[in-house]
Amino acid sequence: MEKVIEGRNLSVVWEKALAAHAQWTDAERGAIRDLAWNALRRYGRDDAVLVRLLSKPLPNSVRAVLLVALARLESRPEQSYVVVDQAVEAVGSFAPALKGVANGLLRNRIRRADELIAELEEDVCARWCHPKWWSDRVQRDHPQHWRSVLQAGNTHPPMALRINPRRTTPNHVLAELGAAGLAARVVDPGALLLDHPVPVSRLPGFAAGRLSVQDAGAQHAATLLAARDGERVLDACSAPGGKTAHILELANVDLLALDLEPVRLQRVRDTLERLGLSAQTRVADAASLDQWWDGRRFDRILADVPCSASGVVRRHPDIKWHRRERDIAAFAANQARLLDALWQTLAPGGTMLYATCSVFDEENGAQLHAFCARHDDARRLSLHGRKEVQLLPDAEHDGFYYAALRKRG
């Protein structure tokens, strides 16, 4: 928490913590992760509580403990005194002079709960646990659903599984899960939703490549791309490899997977190896054609471009606090650069699927509208009877955007 408050990436900090504490059990890792992620989902609200109850700033290390404790008080009010005692003890272990401050603040929070709730309702950031600019943008882009989008961003995400049809069937996996005491249901062809998230180590068949963990919304990418046997396919921004693998599970294609970062591309290779799949992989900036393109055109391209990740913010709750509104225009400019470059590599009659995990229109519908205005050889294809698919986060999936373009011959 402390490192994230100071601006560090949550995933990177978490990976380093795991490396430094290899002795943690699955249960300990899960509990610690849950505390940190929930505290960051609620950061806007609980930081507002600190502002109201503190007379002077505290070190970030102490703030981090208090933010975790405040989130816990909200989710486990029946354990309030245990939470306070444990938080005070934690502060005392590294800042003994501030134990009294921590104790007083948390007990004050319990006493003034009703009063604080009323005050926080008047604070947009505290009420919705998102920066105001973010809330305003979601309300503008999704006037009918903005409240549910923001509320979903503060919840624990669902855990979905993707079945590898080359190795098993949904019914077989359901039976394996049931035998392991795990309840799940089918939400899409080849997609299962667990009733409760569990560590990957508890999933029967995962190590053997019979299934993968992938959000149900993300699984639409491969099905909408609809690659056919024998085609030449490009996955332009492939890491961590879930969509790459799904394409290969569904069709026998000649696939090239690109990614800008070597470490992330290795994750693609590891995923393919676990699933018994193969593809060419290359470290490259997809927009810099001279780095990787051999001049042979592709039949299909998945352009799953870097974006704000506003549709998956509940999985990466640090994002909403580290992003700035000006970042969205920067993402959109880079997306346009990628699309214009990749379009050159698509064969006449070929299909490019544009995908983001964003709910912001500037990265989605507005981006596609501008692209088509620049390229008169681009034709929008129908996806389930619509020109685009905007999935908003809900209890079954995260937020994703998809649009398909056909290149006129």
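The values are calculated or read from the model by the stated rules, or taken from the named source; none is laboratory data. Because the structure is a prediction, the values reported are computed rather than measured. For neighbour counting, all protein chains shown are included, and Cβ atoms are generated from backbone atoms with ideal geometry for every residue, glycine included. All accessible areas refer to the heavy atoms of the entire protein, side chains included, with ligands and DNA or RNA removed. Shrake-Rupley method; radii C 1.70, N 1.55, O 1.52, S 1.80 Å.
Here are the numbers:
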quantity	calculated
Calculated from backbone phi, Karplus (6.51, -1.76, 1.60) coupling profile of region 354-360 in Hz, x at Gly/Pro	8, 9, 9, 10, 10, 10, 8
Length-normalised contact order for region 23-94 - Cα pairs under 8 Å, 6+ apart - percent	33
Highest-fluctuation residue, Ala118, Ala284, Ala236 considered, GNM on the chain with Cα pairs under 10 Å	Ala118
Whole-angstrom gap from region 210-231 to region 268-296, using each part's C-alpha centre	17
Positive-pole candidate from Leu182, Ala251, Leu234, dipole of region 180-283, charges at beta carbon	Leu182
Region 119-135 - phi-based ³J(HN,Hα) in whole Hz, Karplus 6.51/-1.76/1.60, Gly and Pro as x	5, 5, 5, 8, 9, 4, 5, 6, 5, 9, 6, 9, x, 4, 4, 5, 4
Amide H contacts of Cys307 (H built 1.01 Å from N, under 5 Å, at least 5 apart or other chain)	none
Fraction of beta bridges assigned by DSSP in the chain that are antiparallel (%, nearest 5)	60
Largest-first ellipsoid semi-axes for the chain, taking √(5λ) over the Cα gyration tensor eigenvalues, angstrom	41, 25, 19
Computed over region 239-280, Kirkwood Rh from alpha-carbon pairs, angstrom	10.1
For region 200-350, fraction of C-alpha pairs farther apart than 24 Å, in %	35
Heavy-atom accessible area per residue - the chain, 1.4 Å, Å²	46
Cut-off 14 Å, label 7 Å out along Cα→Cβ of Glu119, residues of region 30-56 by amide N	45-56
In nm, spacing of pseudo-spin labels at Arg8 and Ala347 (7 Å Cα→C-beta vector)	4.8
Length-normalised contact order for region 128-207 - Cα pairs under 8 Å, 6+ apart - percent	24
Rounded to the nearest 20 debye, dipole of region 279-409 from Cβ charges on Lys, Arg, Asp, Glu	300
Full-extension gain in nm, Arg52 to Arg297, via 0.36 nm per residue minus C-alpha separation	82.2 nm
Max mean-square fluctuation residue, GNM over the chain, Cα-Cα springs under 10 Å, options Thr351, Thr25, Thr155	Thr25
Point-to-point label distance, His21-Ser278, nm (Cα→Cβ direction, 7 Å offset)	4.2
Selection of trypsin sites (Lys or Arg not before Pro), region 353-403, meeting DSSP coil and at most 13 other Cβ within 10 Å	Lys387
Those lysines that a straight Cα-Cα span of less than 25 Å connects to Lys56, excepting residues fewer than 8 apart in one chain	Lys3, Lys99, Lys132
Distance in nm between pseudo-label sites at Arg127 and His196 (7 Å out along the Cβ direction from Cα)	3.5
